[in-house]
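Student: Here it is, the structure in full.
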Amino acid sequence: MTVSLQWRQVQAVAAKEFRDRLRNRWVLAVALVFTVFSLLITYFGSAAQGQIGPRSIELTIASLVSLVIYLIPLIALLLGFDAIVGERERGSLDLLLALPITRLELLLGKYLGLAGALTLSTVAGFALVAVLLFQRFSWGGLYHYGGFVISSVLLGLAFLSLAVLLSVLARDRTRASGLAIALWFAMVLVFDLLLLGLLVATGGQFGGDLLAYLLLLNPADIFRILNVFSLDDVRRLYGLASILPPALGQLSWLTTAMLAWIVVPLALASWRFKP
């Protein structure tokens, strides 16, 4: 069966979702949060060593990685968990699907609108730090920082896809929000602890390279590898980075894995989406 996708309908839904986030000042609020925290980390991250301001682009990115891993997945999950189930609870889902729009067009439009809002807030939130780093490290520093910002956006889009999938699967908003928080805990806090615990409990004998490849099952770890694997000065700051095989240092592998975390949950959501 051929699925006909009308991009005009997708764009209409996406534009409405994006305008709604602008209208309720969600984009502004998230951008301000990222701006404040990123500036504080950039300026005062080296205060313990008696220095104010960024010492190096590598250490600055390493510090910001921790901020992004905790905040962006949580924000993305909270943004998208009620994208579908919220419409169902309000009784507007059947009305929307009565219009000349397919379930795939509605789902994709909602995702793209939310993705646009999340991307804008993330980029805007890190913009002032980009200016500061450019003044301090010129174009070389800005190049590395640009890669960090792009990977941050991809991380947010991956967790937004997971949030939309949860929204399709959940029966009500309460369960969807609970699943979103549980997923955040599992991916951001528990997953690495389990791997480290397994490594320590087996005396480093379990898995070998397989244990390292298990990191690809978590978009937060893919983001961490993307930003610290090629930086020799900061690899020692991350215990998991020391067990990575050289193959995982290839940008193509990591980018493909991150894109899969964006596409696959959306495909599953489309497959499971029922009015």
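The values are calculated or read from the model by the stated rules, or taken from the named source; none is laboratory data. What you are looking at is a predicted structure, and each value in this text was computed from that prediction instead of being measured. Glycine gets a Cβ as well: all are built from the backbone with ideal geometry, and neighbour counts include every protein chain shown.
Student: Restrict the check to segment 145-159 and report whether at least one residue is over 17 Å from the mean Cα position of the chain (by Cα), of a type in the set (A, V, I, L, M) and within 30 Å of Glu89 (Cβ to Cβ).
Tutor: no
Student: Turning to a different aspect of this structure: Check whether at least one residue in segment 184-198 is under 19 Å from Leu114 (Cβ atoms) and surrounded by 14 or more Cβ atoms within 10 Å (Cβ to Cβ), and report yes or no.
Tutor: Among the residues of segment 184-198, at least one is under 19 Å from Leu114 (Cβ atoms) and surrounded by 14 or more Cβ atoms within 10 Å (Cβ to Cβ), which makes the answer yes.
Student: Can you name every residue in segment 25-45 that is assigned to a helix (DSSP H, G or I) and in contact with a Ser or Thr (Cβ under 6 Å, 6 or more places away or on another chain)?
Tutor: Correct list: Val27, Val30, Ala31, Ile41, Thr42.
Student: Inspect all residues belonging to segment 103-124 and state whether any of them is in a loop (DSSP other than H, G, I, E, B) and modelled with pLDDT under 95.
Tutor: no
Student: Within segment 221-262, how many residues are of a type in the set (Asp, Glu) and at pLDDT 65 or above?
Tutor: 1
Student: Kindly indicate which of Leu93, Leu97, Leu169, Leu155 is surrounded by 21 or more Cβ atoms within 10 Å (Cβ to Cβ), under 30 Å from Val13 (Cα atoms) and in contact (Cβ under 8 Å) with a residue 40 or more places away in the chain.
Tutor: After applying the criteria, what remains is Leu155.
Student: Can you name the residue in segment 165-182 that is of a type outside the set (Gly, Ala, Ser) and more than 16 Å from the chain's Cα centre (by Cα) and, of all such residues, is farthest from Leu71 (Cα to Cα)?
Tutor: Only one residue tops the list, namely Arg171.
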